[in-house]
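As structure tokens, the structure follows; a few thoughts come after it.
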Amino acid sequence: MFCIKVSGKTILFTGDFREHGIVGQQGRLERVLKKYVPGPVDILITEGTMLSRAKEVEDSLVKSEQELGKEAGKLFQEHKYNFVLVSSTNLDSIMGFYHHTPKEMHFVCDLYQAQVLITAMADMEAKGRFPAYWPSREHPVVRVLGRPDSRWARLRQIGDTMERPLWFRSITDEELERDGFVLLARKNTHPEDYISPFEALRDKFFDRDGQIIYSMWKGYLEEEHADKDLLRFIGGRPYRSLHTSGHAYVETLAKVIGLADPKVIIPMHTQCPEAFTSIPAFAPYHDRVKVPRDGIRLSLDTL
């Protein structure tokens, strides 16, 4: 978020945000706003992505990352070979999958994902914050696809310096087959050039007690926003959907509006900005909403 002070006005710009992830636990949103945005603001510019996805929230199995992790643990117990389609930068969900991988299984990713993972985990541990990002005592070793090369040195360098060391080792098909796995899978954006290791493992293990867990926005599998590479990886196979939104729910938006007490509310990043004037949770503020139109300038002096 940005708190902008200009021309005697205070503007709070939320960007994309939420409070149901790991960082949003224990009232952190309220504390951040009270610390950095003292007093009422003149203009609140807030995202409203989920206003157009109310049905998606109602149909969702989970509403928080904590719930996602618990449900993932149950799903992993049902099948031996688990392929998880999740964004490599969706670290909250990845940590949930990591910590809920059954002890007897391997948690597996590729080198890029390992680099992202260890960078975030080391940073959180060094700050002594968010234990959900600390290495698991049941899985102190993350298995990485491919053979070790010079790029692995950075993984070892960071992992060895952590208070709770995290190690990275390669893994064989024999180990994968014997013990089972939770694999962070990635789509192949160049299928005409090569078969990715994720596809090779899918073809080898899916029909032998495997499952695909889809942890992204469901719109990527539907006609309007269809992602052909994700659809190709699934390939008509059955999959389980397990995802929680990366955006604030209506109740969180209402909380921010109540805390900021803005004179003017400008919705952005939403397909239905007018919903701010019709949703009951926003009823006390409907007369403060200004919906911008393309090409029309909004002046701080007139707002």
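The values are calculated or read from the model by the stated rules, or taken from the named source; none is laboratory data. Since the structure is predicted, the reported quantities are computational estimates derived from the model, not experimental observations. Methodologically, a virtual Cβ is constructed for each residue, glycine included, from the backbone with ideal geometry; neighbour enumeration extends over all protein chains shown. Ligands, DNA and RNA are excluded from the accessible area calculation, which covers all protein heavy atoms including side chains. Shrake-Rupley method; radii C 1.70, N 1.55, O 1.52, S 1.80 Å.
Structure notes:
- Residues satisfying the stated conditions in segment 131-151, i.e. aromatic (Phe, Trp, Tyr) and at pLDDT 95 or above: none
- Subset of segment 134-167 [under 24 Å from GLY180 (Cα atoms), without any contact (Cβ under 8 Å) to a residue 24 or more places away in the chain and charged (D, E, K, R)]: ARG147
- Number of positions in segment 28-41 that are within 21 Å of THR270 (Cβ to Cβ) and in contact with a strand residue (DSSP E or B) (Cβ under 7 Å, 6 or more places away or on another chain): 1
- Within segment 232-258, residues that are among the small types (Gly, Ala, Ser) reach partners that are modelled with pLDDT of 95 or more with beta carbons closer than 6 Å, at six or more positions or on different chains, in the pairs SER241/TYR214.
- Of all residues in segment 205-224, those that are open to solvent by 80 Å² or more (accessible area, probe 1.4 Å) and either at pLDDT 95 or above or within 19 Å of the chain's Cα centre (by Cα) (or both) total 4.
- Every residue from segment 260-297 that is more than 22 Å from LYS34 (Cβ to Cβ) and part of a helix (DSSP H, G or I): PRO273, GLU274, ALA275, PHE276, THR277, PRO280, ALA283, HIS286, ASP287
- Taking first residues from segment 287-303 that are touching a residue at least 12 places away in the same chain (Cβ under 8 Å) and partners that are of a type in the set (D, E, K, R), the Cβ contacts under 7 Å between residues at least 6 apart in sequence or on separate chains come to ARG288/LYS263; VAL291/GLU274; LEU298/LYS290; LEU300/LYS9; LEU303/LYS290.
- Residues that are acidic (Asp, Glu) and either surrounded by 11 or more Cβ atoms within 10 Å (Cβ to Cβ) or within 25 Å of the chain's Cα centre (by Cα) (or both), drawn from segment 173-204: ASP173, GLU175, GLU177, ASP179, GLU199, ASP203
Let's see how each residue does on (1) within 30 Å of PRO135 (Cβ to Cβ); (2) part of a loop (DSSP other than H, G, I, E, B); (3) at pLDDT 90 or above:
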site	(1), (2), (3)
LYS5	no, no, yes
GLY39	no, yes, no
LEU44	no, no, yes
LYS63	yes, yes, no
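- Meets criteria (at positive phi, among the small types (Gly, Ala, Ser) and modelled with pLDDT of 85 or more) for GLY258: no
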